[in-house]
Amino acid sequence: MDVIREDLFVAIAAIEADNFELVNIIGNRISTDAMIIGKEDLVMLGLLVKEVHGELSAIKGLNPSKLKEGKQEAARFLRESQSALKGNQTVMDLWHMYHAYENSIRCYLVPAIESQIYKSRPEYTSKTRNFLVDYLRQNREQFLRGNYNLFDGIVTEMAKQINLYGFGIEDLAFYLTMKAFYNYYLYFRIDYQSSSGEYKDERERQALSFLDGVLEIFTGEKAKDEICVESAKIINGLVVQWRKYFLELGEIIFRVGERRSELPPELRGKIEQLLAEGLEREIAKGKHD
C-alpha cells in the first residue's frame, strides 16, 4: 500500500506544479501497482486519477480563471482517496468521495455561456443513461466492426450531460464503467483484428462477457449501492485487462496512428436525433404516469 500512497503524493505534487500530464501517468501507474501487489480491487483508483488529469486540463482551456479552485478540489479528493488504502474503507466510500468531488468541480467544466442558461436537471442525465444503455443493447454485436466508435460516443454524451445537468451516483458509475470499457476496447480491437482461431474466439467471448456485465448492471431497477459495487467489479476487471494489454502491446494508440476523435458527423447526428426522440417519449410518458 505504501507504493500506491506515494503514487498519490506524487499526483498531488504534480497538480500543485500544474504538471497535469504527470497526473495522467500516475493514474496508469496506480492501476499497474495495484495489480503488482495483488490489490486488483484498487485499480479503479488509477482510473479516477486519470479523470482528474482530464478535468484539470479541460478547466485550463475552458475556464482558466477557475483553475486554482479546480486544483484545490482535485488535490483534496486525492488526499481523501488515500483513506481507501486503509482496511476499514469500502468501495462505496470511494464512490461517495468521487461523487462529492465531481459535484464540486463540474461547474468549472462548462463554458460560461452554457452555464448561465442550462439549469440543473439530474433526472435528464438519468434518462440519457437509460437511453444509451438501451441503445448499447440494440447494438450489442456491432463492436466487432472495424472503426466502431459507439463506446467513445457514449462516454462523450454522458460526460456532457453530467457536466451540464448534474447527476446521480449511478450516472457517474455508468460513465466511468463505459470509460473503462472504451480504454479496454481500443486495445481489444487491435488484438482481435490481428488474431485468429481459438485465441480470437476467446477474446470475443471475453469482450462480450464484459459488455453483458455492463448491460446487466444498468438494466432494470436496482439499488444505487448495488449498481456502484457491481460496476466497480467490472471497472476493475476492464482496467486490469487494459493494463495487461499495455504490458503486451505498448502504447498502441500512437503506434498504429490512431487518436481519439469525434464520431463521424452522420453517426453523431443519428445518435443525437435518436436520443432526442427517445427522451421526448420518456418525458411525455412521465407526464401521463
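The values are calculated or read from the model by the stated rules, or taken from the named source; none is laboratory data. Everything quoted here is computed from the prediction, not taken from an experiment. In this analysis, Cβ positions are derived from the backbone assuming ideal geometry, glycine residues included, and neighbour counts consider all displayed protein chains.
Quick notes
- Test result for Val23, under 17 Å from Ile235 (Cα atoms) and either modelled with pLDDT under 95 or part of a helix (DSSP H, G or I) (or both): no
- Test: residue in the range 170-192 that is among the aromatic types (Phe, Trp, Tyr) and closer than 30 Å to Gln116 by Cα: yes
- Looking only at the range 198-244, and only at residues there that are among the small types (Gly, Ala, Ser) and under 20 Å from the mean Cα position of the chain (by Cα), the one that is farthest from Leu144 (Cα to Cα): Ala232
- Residue check, Arg145 basic (Lys, Arg), outside the structural domain of Leu8 (by TED's automatic domain parsing) and loosely packed, with under 14 Cβ neighbours inside 10 Å: yes
- Scanning the range 229-245 turns up no residue that is out of contact with any helix residue (DSSP H, G or I) (no Cβ under 6 Å at 6 or more places or on another chain), surrounded by 16 or more Cβ atoms within 10 Å (Cβ to Cβ), more than 26 Å from Met92 (Cα to Cα) and at pLDDT below 95.
- Some residue of the range 83-94 being out of contact with any Asp or Glu (no Cβ under 6 Å at 6 or more places or on another chain) and over 29 Å from Ile234 (Cβ atoms): no
- Of all residues in the range 148-179 being aromatic (Phe, Trp, Tyr) and assigned to a helix (DSSP H, G or I), the one that is surrounded by the most Cβ atoms within 10 Å (Cβ to Cβ): Phe174
- Test: Glu280 is among the acidic types (Asp, Glu), under 24 Å from Gln161 (Cα atoms), modelled with pLDDT under 85 and outside any helix (DSSP H, G or I): no
- Some residue of the range 113-121 being surrounded by 17 or more Cβ atoms within 10 Å (Cβ to Cβ) and under 29 Å from Asn63 (Cα atoms): no
- So Thr128, is it within 16 Å of the chain's Cα centre (by Cα) and either in contact (Cβ under 8 Å) with a residue 12 or more places away in the chain or assigned by TED's automatic domain parsing to the domain that holds Leu22 (or both): yes
- Beta carbons closer than 9 Å, at least 6 apart along the sequence or on distinct chains, pair a first residue in the range 153-171 that is under 15 Å from Phe131 (Cβ atoms) with a second that is crowded, with 22+ Cβ neighbours inside 10 Å and small (Gly, Ala, Ser) for Glu170/Ser231.
- Breaking point among (1) in a helix (DSSP H, G or I); (2) surrounded by fewer than 20 Cβ atoms within 10 Å (Cβ to Cβ); (3) not acidic (Asp, Glu), for Gly87: (1)
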